[in-house]
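Here the structure is laid out as structure tokens; the discussion comes afterwards.
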Amino acid sequence: MPIREAVPEDAAGIAAVHVLSWRAAYRDLLPHSYLDALDVEERTAVWRARLTAPDRSDVLVETDPDGRVRAFSCFRAWPGEEFDGRTTAELAALYALPEVWGTGVGRALLTASARALAASGFRTVALWVFAGNARGRRFYEAAGLRPDGEVVREETGGRVLDELRYRGDLFT
């Protein structure tokens, strides 16, 4: 499974993964009209800007043998004050095309992300996951991450949803 650092030319592939994975993963959590309105072209512009920003987050992509992006992760130093941003990282995103769910692509990408973070000096990782996202929660728990008790309520697509913070030591 080829995993590499993303480049600006990956923006459209990342955007497609982002939109298609949201539509599949959150179908029972968010309004269908909101999910259906997600626009790959708009997300491409957002990702291109992120990938060319001087203070960009790290983004990894997993590609198929033809170079098509099938999954991506995005991570950075923890942005809040509750953790030391020199040792705690935030996994801001990890999404895969629904067609590769359960194939090991996500696990390989998470492992590569953890290795990159550890190589940069981070010792722990934290992330937010919708409380109702059972598949995502199982995925992170299988990797050794656990909810730490912090819950925030966020409005997404007109619905207020609980997000749980998961944390764990980086494995390498």
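The values are calculated or read from the model by the stated rules, or taken from the named source; none is laboratory data. Predicted model, so just to flag it, every value in this text is computed and none were measured. With ideal geometry, Cβ positions are generated from the backbone for all residues, glycine too; neighbour counts draw on all protein chains shown. These area figures cover heavy atoms from the full protein model, side chains too; ligands, DNA and RNA do not enter into them. Shrake-Rupley method; radii C 1.70, N 1.55, O 1.52, S 1.80 Å.
When you check Arg27 against the structure, is it out of contact with any Cys (no Cβ under 8 Å at 6 or more places or on another chain), open to solvent by 20 Å² or more (accessible area, probe 1.4 Å) and part of a strand (DSSP E or B), yes or no? Spelling it out, it is not the case that Arg27 is out of contact with any Cys (no Cβ under 8 Å at 6 or more places or on another chain), open to solvent by 20 Å² or more (accessible area, probe 1.4 Å) and part of a strand (DSSP E or B).
Every residue in region 39-83 that is within 26 Å of Arg167 (Cβ to Cβ), in a loop (DSSP other than H, G, I, E, B) and open to solvent by 50 Å² or more (accessible area, probe 1.4 Å), please.
Step one: filter region 39-83 for residues within 26 Å of Arg167 (Cβ to Cβ), giving 50, 55-62, 71-83.
Retained after the next criterion (residues that are in a loop (DSSP other than H, G, I, E, B)): 55-57, 78-83.
Passing the criteria: Asp55, Arg56, Pro79, Glu81, Glu82.
Taking residues in region 53-74 that are farther than 19 Å from Gly104 by Cα, and partners anywhere that are in a loop (DSSP other than H, G, I, E, B) and not charged (D, E, K, R), the pairs with Cβ atoms closer than 9 Å and at least 6 places apart or on different chains are Asp58/Ala6; Asp58/Ser120.
Under the condition of being within 26 Å of Arg4 (Cβ to Cβ) and in a strand (DSSP E or B), the residues counted in region 150-172 number 3.
May I ask you to say which residue of Leu164, Leu91, Leu145, Leu170 is surrounded by 13 or more Cβ atoms within 10 Å (Cβ to Cβ) and under 24 Å from Val46 (Cα atoms)?
Leu91
Only one of the numbered conditions (1) out of contact with any Asp or Glu (no Cβ under 7 Å at 6 or more places or on another chain); (2) assigned to a strand (DSSP E or B) is violated by Ser33, and that is (2).
Here region 102-119 is the region considered, the condition is being without any contact (Cβ under 8 Å) to a residue 60 or more places away in the chain and surrounded by fewer than 20 Cβ atoms within 10 Å (Cβ to Cβ), and the residue that is farthest from the chain's Cα centre (by Cα) is Ala119.
Among the residues that make up region 94-104, is at least one of them farther than 20 Å from Thr156 by Cβ, assigned to a helix (DSSP H, G or I) and among the hydroxyl-bearing types (Ser, Thr, Tyr)? Working first, answer last.
Keep residues of region 94-104 that are farther than 20 Å from Thr156 by Cβ, which gives 97, 99-104.
The next check asks that each one be assigned to a helix (DSSP H, G or I); those that pass are 99-100.
Narrowing the set further to residues that are among the hydroxyl-bearing types (Ser, Thr, Tyr) leaves none.
Looking for residues that are farther than 20 Å from Thr156 by Cβ, assigned to a helix (DSSP H, G or I) and among the hydroxyl-bearing types (Ser, Thr, Tyr), one finds none in region 94-104, hence no.
Within region 127-149, how many residues are assigned to a strand (DSSP E or B) and under 30 Å from Ala37 (Cβ atoms)?
Going through region 127-149, the residues assigned to a strand (DSSP E or B) turn out to be 127-130, 146-149.
If we keep only those that are under 30 Å from Ala37 (Cβ atoms) as well, we get 127-130.
So the answer is 4.
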